[in-house]
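Scroll down for the structure; my scribbles are underneath it.
The values are calculated or read from the model by the stated rules, or taken from the named source; none is laboratory data. Just so you know, these numbers come straight off a predicted model, no measurement behind them. Note: ideal-geometry Cβ built from the backbone for every residue, glycine included; neighbour counts use all protein chains shown. Heavy atoms of the whole protein, side chains included, go into the accessibility calculation; ligands, DNA and RNA do not. Shrake-Rupley method; radii C 1.70, N 1.55, O 1.52, S 1.80 Å.
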Amino acid sequence: MNIGEKQLKIIENIKFFLNSLKLKDVDDSLSSFCYFTSWSETPGYARIKLQSEGWPFIFKYCKIILKNILAIASHSSYKEICKNTSEKNYDVMLLSWSFKKNFLSDGSFQDRYFNVNSNNLNNVFWILISIDGYVPPNLKDNIKIIKKNEGIFKYNFFSFIKIIFLTLFKYRFSLNKLYHYTFFHSYFAKFIASIVQREFKKNKFKALLVPYEAQPFQNYIFSESKKTNKKILNIGYLHSLPPLTSEMAYRSGAPDLLLVHGRQQIEILKNILNWPEKSLILIKSLRFRLNDKSLSEKVYIPLSLHDQNKLINEFERLLANYDKNSFPQFEISDHPAIYKSRKHLKFKKKIEQVLEKYKDRFSKDKKNISIFLGVTAAVLEALEKGVEVFHICSDPVFQSYNKDIWKKINVTKISDCIFQYKLETKGQYIDFDKSATLDTYLNKIL
């Protein structure tokens, strides 16, 4: 069985699992086991990994499950910050993530997924989940920030025990429901949903919009919003799609409309992941711009690092097998969502050591080449911009692109863990347009 066949089998098993939950009174929009990431160690990842690799993975499976339960203890307390003093009514609630670097000096927010400033959308109320805890002192009235409370200790076990007991009693010790809901992602989904519900009571929103990643909190707030207001329009924007598209399998709480910036991505969603065609809307890319930045001559480090030693060894193998002056002088590029990660800094240093060891492989001549490590969706952007892509995987079934799913990508297998990609036709996965704006599409939809 080749990589593509294994990937399709994983997705079929996911769809079977989701269908089976309909008979078990389990809310798959809330279940952490239904967040089937290929890039992050969620309970859903642990499940499909165990199913794929069998019993040798059982100890790692248990470790991931325990880690996802204990994560509640380090994320048990949040604060809401909002300086809304006006009585303005908003048409759209937009829920996204923020870093300090996303805020301008006037207190407005520049969203990197929609490529828009909060000042330019007067009818939108923003709820931002802060990744780095930053809140600007002059925060705009149409923005609410949710940030984690930082205590003396990393873990708050008193709150953790309280949350676990409340969950036990809420679900009346049902093992089936506890199996799905006693994890951080489910806890966080209920917390975010409570905030959204309070805002719904203050305002008559017409639509709820998110940069969609099929995270439990996104599906759950979509599902809960319908209980409050049946007329509300739930909208997602698919800003990226990872190689193994497992988390995007259609399930409860999926948005009414999903904005997708590539025709071939729509084909994958519709034909492989069970999305109804009527919910998929083809648009020009909002997140990516053709000339906004160069993606060539870089080594890209992913957000999630799996099996670092294998990635380093395979990176060294790639360079060792090429002649002198084969590559440009690479710059190492971290994932934009990495925040104060010692693990990533150590990994970056190892990459630098390999580059130094094989420095004769690089020339000062410009070459439109980049190397991507691990699981990443940035490969698509690079390919659409004409970059020659080498992809090094520590787990090819979970991380690599394959023609069985990605039909317009030609794949050359260099080794079991190294692949080279080329597009058959540009514009099929990301349709670039300088003039595409979020408000234009919202005005058409609402």
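A few remarks follow.
- Remark on Lys144: its backbone amide H falls under 5 Å from those of Trp126, Ile127, Leu128, a criterion applied only to residues 5 or more positions apart or on other chains, H modelled at 1.01 Å from N.
- Ligands, DNA and RNA are left out, and with a 1.4 angstrom probe the accessible area of the chain is 46 Å² per residue.
- Whole-Å distance, taken between Cα centres, linking the stretch 398-446 and the stretch 373-392: 9
- For the chain, calculated [θ]222 nm from helices alone, where every DSSP H run of n ≥ 4 adds -39500 (n - 2.57): -11000 deg cm²/dmol
- Here the Karplus relation 6.51 cos²θ - 1.76 cosθ + 1.60, evaluated at θ = phi - 60°, turns the backbone of the stretch 300-307 into coupling constants of 9, 9, x, 5, 9, 9, 10, 6 Hz, with x for every Gly and Pro.
- Extending 7 Å from the Cα toward the beta-carbon at both Ile332 and Asp91 defines two label points whose distance is 4.7 nm.
- Debye log10 I(q)/I(0) at q = 0.17, 0.21 Å⁻¹ for the stretch 1-139, Cα point scatterers: -1.01, -1.20
- The chymotrypsin sites (Phe, Trp or Tyr not before Pro) of the stretch 217-246 include none that DSSP puts in a loop with a beta carbon having at most 10 other beta carbons within 10 Å.
- Taking amide H positions as modeled 1.01 Å from N, with prolines and chain starts lacking one, the residues under 5 Å from Ile332 and 5 or more places away or on another chain are Val299.
- Share, in percent, of DSSP beta bridges within the chain that are antiparallel, nearest 5: 30
- Measuring r between the beta carbons of Phe157 and Lys79 and using R0 = 25 Å, the FRET efficiency lands at 0.80.
- Of all accessible heavy-atom area on the chain, the percent that carbon and sulfur account for (1.4 Å): 51
- Here the spin labels are modelled as points 7 Å beyond Cα on the Cα-Cβ line, and at Lys24 and Asn325 they lie 6.1 nm apart.
- Derived scalar couplings ³J(HN,Hα) [the stretch 415-429; Karplus, 6.51 cos²θ - 1.76 cosθ + 1.60; whole Hz; x for Gly, Pro]: 8, 4, 10, 10, 9, 10, 10, 9, 7, 6, 9, 6, x, 8, 9
- Spatial separation of Cα centroids for the stretch 170-215 and the stretch 288-344, in angstrom: 35
- Structure-derived Cα Rg over 2.2 N^0.38 Å - corresponding label in [x] 1.04; [y] 0.99; [z] 1.57: [y]
- DSSP beta bridge pairing in the stretch 290-446, given as percent antiparallel to the nearest 5: 45
- Part-to-part distance (alpha-carbon centres) for the stretch 53-115 and the stretch 228-246, which is given in Å: 16
- Taking Pro43, Pro243, Pro328 as the candidate residues, the one with maximal mean-square fluctuation in a Gaussian network model of the chain, Cα springs under 10 Å, is Pro328.
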